[in-house]
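Reviewing the structure listed below.
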Amino acid sequence: MHVDFRNKHLVDLYQDGKSKKYRVPQEILKKFFMRIQELEAGRDIHDIWKKPSLNYEKMQGYENRYSIRIQDKWRLEMEIEWENAEMTVGDIYVIELSNHYR
């Protein structure tokens, strides 16, 4: 699946390993990179669903926003623009890296 960013600060974090907005521990940064790579490697949404460690879920109150777990309290929020009626293939747009339980 195609992955892109809708957040300039996350682009900086992904490209440079640092961002003014996101000051995250090194282990979270490492997992952030891993999660983006896992999303890029997925052929369809089933490749994400079948990994329990990602804890993929639809976010309440949004039509097309989903999240996956980075580690413990940290999650990656994304929007998916589906390309098919079955909602299995689409473009993923990463919008937020959040400390879910701040």
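Values in this text are rule-based calculations from the coordinates and carry no lab data. Quantities reported herein were computed from a predicted structural model and do not represent experimental measurements. Quick reminder, even Gly has a Cβ in these numbers, built from the backbone with ideal geometry, and neighbours come from all protein chains shown.
Odds and ends about this structure:
To keep it simple, each residue is scored yes or no on (1) in a strand (DSSP E or B); (2) β-branched (Val, Ile, Thr); (3) within 19 Å of residue 28 (Cβ to Cβ); (4) touching a Lys or Arg at 6+ places or on another chain (Cβ under 7 Å).
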residue	(1), (2), (3), (4)
43	no, no, no, no
48	no, yes, no, no
63	no, no, no, no
67	yes, no, yes, yes
75	yes, no, yes, yes
81	yes, no, no, no
84	no, no, no, no
87	no, no, no, no
97	yes, no, yes, no
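- Some residue of region 48-61 being exposed (fewer than 14 other Cβ atoms within 10 Å of the Cβ), within 11 Å of residue 94 (Cβ to Cβ) and basic (Lys, Arg): no
- One residue stands out in region 24-58 among those that are touching a Phe, Trp or Tyr at 6+ places or on another chain (Cβ under 6 Å) and touching a residue at least 12 places away in the same chain (Cβ under 8 Å): the one that is nearest to residue 2 (Cα to Cα), namely 48.
- Odd one out for residue 45 among (1) under 12 Å from the mean Cα position of the chain (by Cα); (2) under 16 Å from residue 89 (Cα atoms): (1)
- Output for region 22-37, where each listed residue is outside any helix (DSSP H, G or I) and surrounded by 12 or more Cβ atoms within 10 Å (Cβ to Cβ): 22, 24
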